[in-house]
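Step one of this worksheet: look at the structure below.
The values are calculated or read from the model by the stated rules, or taken from the named source; none is laboratory data. All values reported here derive from a predicted model rather than from experimental measurement. Every residue, glycine as well, gets a Cβ built from its backbone with ideal geometry; the counts of neighbours run over all protein chains shown. The protein model used for the area step is the full one, side chains on, heavy atoms only, and it has no ligands, DNA or RNA in it. Shrake-Rupley method; radii C 1.70, N 1.55, O 1.52, S 1.80 Å.
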Amino acid sequence: MPMRIALRSMVLVVTSAAMVSAASGADTVKVAIGQIDAWANQAPTLGMKAGIFQKHGIVLETFGTQGAGETLQAVISGSADIGIGIGTAGAMRAFAAAYVGVGDQYWYVPANSPLQRLTDATEKHTMAYSTNGATSHVIALGFVKQLGVKAKPTATGGPPATYTMTMTGQIDIGWAVVPFGLAELQEGKIRVIARGPDVPTLRNQTIRVQIVNANALKERKDVMIRFMRAYRESLDWMYANPLAVKYYAETIKQPESLVVMQRDQYNPKDALSPDRLSDLDQVMADAVEMKFLDAPLTKEQLAEFFQIPPPRT
């Protein structure tokens, strides 16, 4: 397992609340975020804007990537301490729970496309996903394997680039993660023909995860644990404070009503819980199918990677 050299679970070490004292100066943590504008990946950005990470003695330097492949490489190389939003199957050797289910991702066509359903596609059609190992990749392969979709899965990068390729005819079926494209959907420019939950085995999986560079965890263990505490607190704030909606709407330049709609309909809070693990057997089966693993992880390996510390009380 070569990635073990560079990666470990973000929350590998269980610690008591008394172990970490407040830092005299803020610690900087570099965070790579796949699909940085997606609501599901907003805890670092909004948490910083709300002052939550600073309260825990942390300042974040965040940057976006096109998907899991780029995020993994950033963490492996050490250019990022932490990676957010990694497809679980692509990071089975080093992960902690992050997102359950796939309800925030969808596949669409231009309004004038002859395709009415995903199953209308033939071998001549192309179907987008972001990068290899990303959640969108897992879903696209699930469409092919479980639903018999014939379109060819094709890596297209993030939602903005994919939208351009889809609307100009370079790709037949685009992909996106909410809230991207919802305004265009409401305006009738595109039609949704499939969503992530259409793949039966993915509906309740822990589908996206956070990872941490092994050296960063070893050398700055207390910082990473404080990051996790601030991350949890930021998620709670995102669903409780109207300012989260206001800040996010300003960032993506969309009305607050659309932000509330995508949050409540596509991103329920329990799906983002960092403490929930679901359907790991199927996650590992998918990872083996996509050749990210040679074989399912053993109980000992799972125990090593899933040592999630409880929230501080």
Residue-count net charge about G158 - beta-carbon cut-off 13 Å; Lys, Arg +1, Asp, Glu -1: -2
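If you roll a 1.4 angstrom probe over the protein chains with everything in place, what fraction of the accessible area of segment 156-201 belongs to carbon and sulfur, to the nearest %? It would help to have the intermediate numbers written out before the result.
On the way: 990 of 1780 Å².
Accessible surface attributable to carbon and sulfur in segment 156-201 totals 56 percent.
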With label points built 7 Å along Cα→Cβ from the Cα atoms of V144 and T122, find their separation and express it in nm. 1.9 nm
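Pull out the extension gain between K218 and A161, defined as 0.36 nm times the separation in residues minus the alpha carbon to alpha carbon distance; nm, one decimal. Show your work: numbers first, answer last.
Values: separation 57, 0.36 × 57 = 20.52 nm, distance 3.71 nm.
Contour length minus the Cα-Cα distance gives 16.8 nm.
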What is the extension gain from Q73 to A183, computed as 0.36 nm multiplied by their sequence separation minus the C-alpha to C-alpha distance, in nm to one decimal? 36.4 nm
Subset of K150/K253; K221/K269; K30/K145; K221/K246; K49/K299; K55/K269 violating a 30 Å alpha-carbon distance limit: K150/K253; K30/K145; K221/K246; K49/K299
Please give the Cα centre distance for segment 115-142 versus segment 225-255, rounded to the nearest Å. 31 Å
At R0 = 41 Å, how high is the FRET efficiency between L243 and E300 if r is their beta carbon distance? Nearest 0.05 is fine. 0.40
Using θ = phi - 60° and Karplus 6.51 cos²θ - 1.76 cosθ + 1.60, couplings along segment 117-130 (whole Hz; Gly, Pro as x): 9, 4, 6, 6, 5, 10, 4, 7, 8, 10, 10, 7, 8, 6
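FRET efficiency for E289 and A26, Cβ-Cβ distance as r, R0 = 41 Å, nearest 0.05?
Details: r = 43 Å, r/R0 = 1.05.
The computed FRET efficiency comes out at 0.45.
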Counting other C-beta atoms within 10 Å, and keeping those with at most 11, which DSSP coil GluC sites (Glu not before Pro) do you find in segment 171-264? E187
Mind giving me the FRET efficiency for Q254 and Q282? R0 is 41 Å, r the Cβ-Cβ distance, nearest 0.05 is fine. 0.75
May I ask you to evaluate 6.51 cos²θ - 1.76 cosθ + 1.60, the Karplus curve with θ = phi - 60°, for each residue of segment 55-69 and list the ³J(HN,Hα) values in order in whole Hz, giving x for glycine and proline? 4, 8, x, 10, 10, 9, 10, 9, 8, x, 10, 7, x, 4, x
